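This report concerns only the one structure given below.
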Protein chains: 2
Amino acid sequence: MTELMLPERQNRIRQRLAQDGRVLAAALALEFSVSEDTIRRDLREMAAAGLCERVYGGALPVGLANTSLRQRMSVAMERKRALAEVAIRQIVPRSVVFFDAGSTHLAIAEALPDDLALTAVTNAPAIAMALAEKPAVDTILIGGLVDRVAGGAVGARAIEALSGMRFDLCLIGTCGIDGEGGLSAFGYEDAALKQFAITRSSRVLVAATTEKFSVSAPYAVASAAQYHCLVVEEDADPVRLQIIRKEGCEIIVAGRGAASAA
Amino acid sequence: MTELMLPERQNRIRQRLAQDGRVLAAALALEFSVSEDTIRRDLREMAAAGLCERVYGGALPVGLANTSLRQRMSVAMERKRALAEVAIRQIVPRSVVFFDAGSTHLAIAEALPDDLALTAVTNAPAIAMALAEKPAVDTILIGGLVDRVAGGAVGARAIEALSGMRFDLCLIGTCGIDGEGGLSAFGYEDAALKQFAITRSSRVLVAATTEKFSVSAPYAVASAAQYHCLVVEEDADPVRLQIIRKEGCEIIVAGRGAASAA
DNA sequence: GTGAATCATGCACAATTACGCTAAAACGTG
DNA sequence: CACGTTTTAGCGTAATTGTGCATGATTCAC
C-alpha cells in the first residue's frame, strides 16, 4: 500500500467512521502504518472541525455520542438559565419571535413567564413543546427534515415556511464565535436556515455561553454587524467583547444587573 | 460482539431505558461484559446528567418531572407500551410512515428498534423528538399552528405540507370509537388533519386503549371502512370488535401471551 | 432483626492521551 | 541554488482516563 497524504488519510478515516460507526486509534495506526500519535492528531483536528467526536480509544461519528438535546440541555444548565432570564427581558410583549434550535433557546422558552403574550415560531420540536406549556403563547412550528444534530427542522421546506414570515425578534443560536464576532455552525443546512431567519427579522439576538468563544465551526452564519444584541456570561473575555461592540452590537452581560457598560 | 466504547455503552443503556422502561445493573454488566462497578458508574454519571433516575438495582427513565404530554403519557403507560410493541410489527422496513399526534404514538416512536430504517413524518413535536433518537429513522416534521390539546401542528399549513406526500402507513390517533368503529376527535382542525392524512396513505392503522370505546367526540374522522387495522387491548369488548371486523378491518389484540415488564 | 444483595469509596493497574521536542520533508522567495 | 519558514511525523515523558477489586456502609426482602 502506498503512503497516504494527510488529507487523504483523514478522508479515509471519515469513511471508516461512516461505515463502521466508530474507529479505534490503534487500529488506524496499524492500517495506515503511522504512529498512533499521528492518528490522534488527525482525530483531534477532525473533532475540532466538527467531523467526529473524540472518545477514549478512538472516535465516533458526530451523531452517536451526544445527539440528544436532553444531554446538551443538561450541561451548564444554570448558566443557560441565567442567560435566558436576561434574554427574556429583550422580548417585547405581543411581538413575533423566532426561536432557533438550541439548548440555550430551550432554556429561554422554558423560562418565559406565563403572562407574556407572544407569537413564537420555532423549527425545534423541543422548543415547541416547551412553548406549548405557556398559556399566552401562540406557537407556530416550522416543518421540514429534522436535523439530528441541530435538533430542528432544516432544508428547503423549512426555508419555504420561513419565507412567508416577518419576525420582530429572532433568537439565533451559534456553535462558535470568532474573533470579530462572526457566528458559525456545524451543519450546512442549519447554517443556511439561520442565515435566512436573520433576513426575515428586524432584530436579531444571540445568546452564547462562554465556551462558544473558543469554538470555530465550518459554516459561517453571520458577522457581528448582522445581529443587534449579544448576551454573554460574566466570564466572557472583555477584549473580544469590545471588538464586537465596535461593530455596533449591543452586549449584555448576564448576572450583572442589567447594564451593558463595561 | 465487539467491545464498546464508553459513550457507545451509555447510549445503549439509554436505548434500553427508553425501550424497556428500566434497566438492571447486573443484566447490563453481563450484556456488555464489564463489571457491575462500571455499569454503576455509568448509571451514576447518566443520573447526574439527568438522563435517568438511579434506583436500587438499576435505573429508570427520567420522565418524572416532565411536560404535560408526558403526564398523559404516564397514564396507562404499560398498556400503551404493549400496544406499541404490536403496532411496530405492522411497520414495514424502509417505508414511509405518518405518526399522528398522541401519547400512544409517542409510545410507538419510543419503542422503535434501533435497526428499523424508516422515513417518519409527524406533526407532533414530542414524537419528532423521540424519532430523532432513532439512528435509522429519517424524521420529517410537519409545521403549522400548534394545537395545545392535540399536541401537534394543525391547520392550513400542516394540510398543505401533507398534500405533497404519500404514506405507506398512517398511524391515526382517535379520541373516541363509536359502535360501528367510527373514529372521532375533540378538535375541529385536528379532525381535519387526521382525515387528510388518511387520504394520503395506502394503509391506515389505529391503536386504541380500551377506554376509547366509551368516549365519543364531536368531530367525525373516519369510519371503520376507511382504516385497515385496529390494535386494541385484551379487555376490549369482543362484540364490538366483531362488528368492526365485519367492516373489513383487521383487528389485532395486544398482550396475548406477552407478560413481560412488571 | 437478620442475611443477602447492592452500593459508594479508595486504590491500583494498564491503556490511552497531551505536550514538548527533534528531525525530515515541502514550500516559497529572491 | 541557498535560505528560512511551514508542515508533518515520530519519540519520550508525565498526566489523564477507564476499569476492576477490596472494603465497609447501606438497602432490601423476609
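Among (1) on the phi < 0 side of the Ramachandran plot; (2) in contact (Cβ under 8 Å) with a residue 60 or more places away in the chain, there is one condition A:G50 misses while meeting the rest; what is its number?
Looking at each condition in turn, A:G50 falls short on (1).
Select from the range B:86-109 the residues that are crowded, with 22+ Cβ neighbours inside 10 Å and either within 21 Å of B:T199 (Cα to Cα) or within 14 Å of chain A (Cβ to nearest Cβ) (or both) and list them in ascending order.
B:A87, B:V97, B:F98, B:F99, B:D100, B:A101, B:G102, B:S103, B:H105, B:L106, B:A109 - these are the residues of the range B:86-109 that are crowded, with 22+ Cβ neighbours inside 10 Å and either within 21 Å of B:T199 (Cα to Cα) or within 14 Å of chain A (Cβ to nearest Cβ) (or both).
Six or more apart or on different chains, Cβ atoms under 8 Å: show the pairs whose first residue is in the range A:194-213 and over 17 Å from A:A87 (Cβ atoms) and whose second is among the acidic types (D, E).
Short answer, once both residue conditions are applied: A:F213/A:D237.
Quick check on the range A:63-79. Is at least one of its residues at pLDDT below 90, away from chain B (no Cβ under 14 Å) and out of contact with any Pro (no Cβ under 7 Å at 6 or more places or on another chain)? Lay out the reasoning, then the answer.
So in the range A:63-79, the residues at pLDDT below 90 come out as A:63-79.
Pick out the ones that are also away from chain B (no Cβ under 14 Å) and you get A:79.
Subset that is out of contact with any Pro (no Cβ under 7 Å at 6 or more places or on another chain): A:79.
Scanning the range A:63-79 turns up at least one residue that is at pLDDT below 90, away from chain B (no Cβ under 14 Å) and out of contact with any Pro (no Cβ under 7 Å at 6 or more places or on another chain).
So, A:S184, is that one surrounded by fewer than 20 Cβ atoms within 10 Å (Cβ to Cβ), more than 11 Å from chain B (Cβ to nearest Cβ) and not hydrophobic (A, V, I, L, M, F, W, C) or not? Break it down stepwise before answering.
Details: surrounded by fewer than 20 Cβ atoms within 10 Å (Cβ to Cβ): no; more than 11 Å from chain B (Cβ to nearest Cβ): yes; not hydrophobic (A, V, I, L, M, F, W, C): yes.
Taking the combined requirement at face value, the residue does not satisfy it.
Can you tell which of A:I177, A:I159 is in contact (Cβ under 8 Å) with a residue 12 or more places away in the chain, more than 9 Å from chain B (Cβ to nearest Cβ) and crowded, with 24+ Cβ neighbours inside 10 Å? First the steps, then the outcome.
Details: A:I159 fails: crowded, with 24+ Cβ neighbours inside 10 Å.
One residue alone meets the criteria, A:I177.
Can you report the number of residues in the range B:4-27 which are touching a Lys or Arg at 6+ places or on another chain (Cβ under 9 Å) and within 11 Å of DNA strand D (Cβ to nearest atom)?
Counting residues in the range B:4-27 that are touching a Lys or Arg at 6+ places or on another chain (Cβ under 9 Å) and within 11 Å of DNA strand D (Cβ to nearest atom) gives 3.
Could you give every pair whose Cβ atoms fall below 6 Å, whose first residue belongs to the range B:110-134 and is away from chain A (no Cβ under 12 Å), and whose second residue is basic (K, R), counting only separations of at least 6 or pairs across chains?
B:L112/B:K134; B:A117/B:R94
Please enumerate the residues belonging to the range B:28-37 that are more than 7 Å from DNA strand C (Cβ to nearest atom) and without any contact (Cβ under 8 Å) to a residue 24 or more places away in the chain. Before you say what the answer is, go through the steps one by one.
Going residue by residue through the range B:28-37, those that are more than 7 Å from DNA strand C (Cβ to nearest atom) are B:28-35.
The answer is B:A29, B:L30, B:E31, B:S35.
For the range B:1-54, name all the residues that are in contact with a Phe, Trp or Tyr (Cβ under 9 Å, 6 or more places away or on another chain) and among the β-branched types (V, I, T).
Residues satisfying the conditions are B:I13, B:T38, B:I39.
Would you pick out the residues in the range B:15-27 that are assigned to a helix (DSSP H, G or I) and more than 10 Å from DNA strand C (Cβ to nearest atom)?
Kept after step one, since they are assigned to a helix (DSSP H, G or I), are these residues of the range B:15-27: B:15-20, B:25-27.
Scanning the range B:15-27 gives B:Q15, B:R16, B:L17, B:A18, B:Q19, B:D20.
Checking B:D42 against (1) buried (at least 18 other Cβ atoms within 10 Å of the Cβ); (2) within 9 Å of DNA strand D (Cβ to nearest atom); (3) at pLDDT below 90, only one condition comes out false. Which one?
For B:D42, the failing item is (3).
Is it true that B:G143 is of a type in the set (G, A, S), out of contact with any Phe, Trp or Tyr (no Cβ under 6 Å at 6 or more places or on another chain) and modelled with pLDDT of 95 or more? Full working, then the answer.
Values: of a type in the set (G, A, S): yes; out of contact with any Phe, Trp or Tyr (no Cβ under 6 Å at 6 or more places or on another chain): yes; modelled with pLDDT of 95 or more: yes.
Against the criterion (of a type in the set (G, A, S), out of contact with any Phe, Trp or Tyr (no Cβ under 6 Å at 6 or more places or on another chain) and modelled with pLDDT of 95 or more), B:G143 qualifies.
What about B:L169, is it among the aliphatic types (A, V, I, L, M) and closer than 21 Å to B:A120 by Cα?
Values: among the aliphatic types (A, V, I, L, M): yes; closer than 21 Å to B:A120 by Cα: yes.
Taking the combined requirement at face value, the residue satisfies it.
Out of the residues in the range B:45-62 meeting the condition of being in a helix (DSSP H, G or I) and surrounded by fewer than 17 Cβ atoms within 10 Å (Cβ to Cβ), tell me which one is nearest to DNA strand C (Cβ to nearest atom). Break it down into steps so the answer makes sense when it comes.
Narrowing the range B:45-62 to residues in a helix (DSSP H, G or I): B:45-48.
Subset that is surrounded by fewer than 17 Cβ atoms within 10 Å (Cβ to Cβ): B:45, B:47-48.
Details: B:E45: 11, B:A47: 8, B:A48: 10 Å.
That would be B:A47.
For the condition surrounded by 24 or more Cβ atoms within 10 Å (Cβ to Cβ), facing chain A (nearest Cβ under 10 Å) and more than 19 Å from B:V221 (Cα to Cα), what is the one hit in B:G143, B:G151, B:G164?
Values: B:G151 fails: more than 19 Å from B:V221 (Cα to Cα); B:G164 fails: surrounded by 24 or more Cβ atoms within 10 Å (Cβ to Cβ).
From the options B:G143, B:G151, B:G164, the qualifying one is B:G143.
The values are calculated or read from the model by the stated rules, or taken from the named source; none is laboratory data. On a predicted model such as this, the values are computed, not experimentally measured, just so you know. Cβ sites come from the backbone with ideal geometry, for glycine too, and all protein chains shown count toward neighbours.
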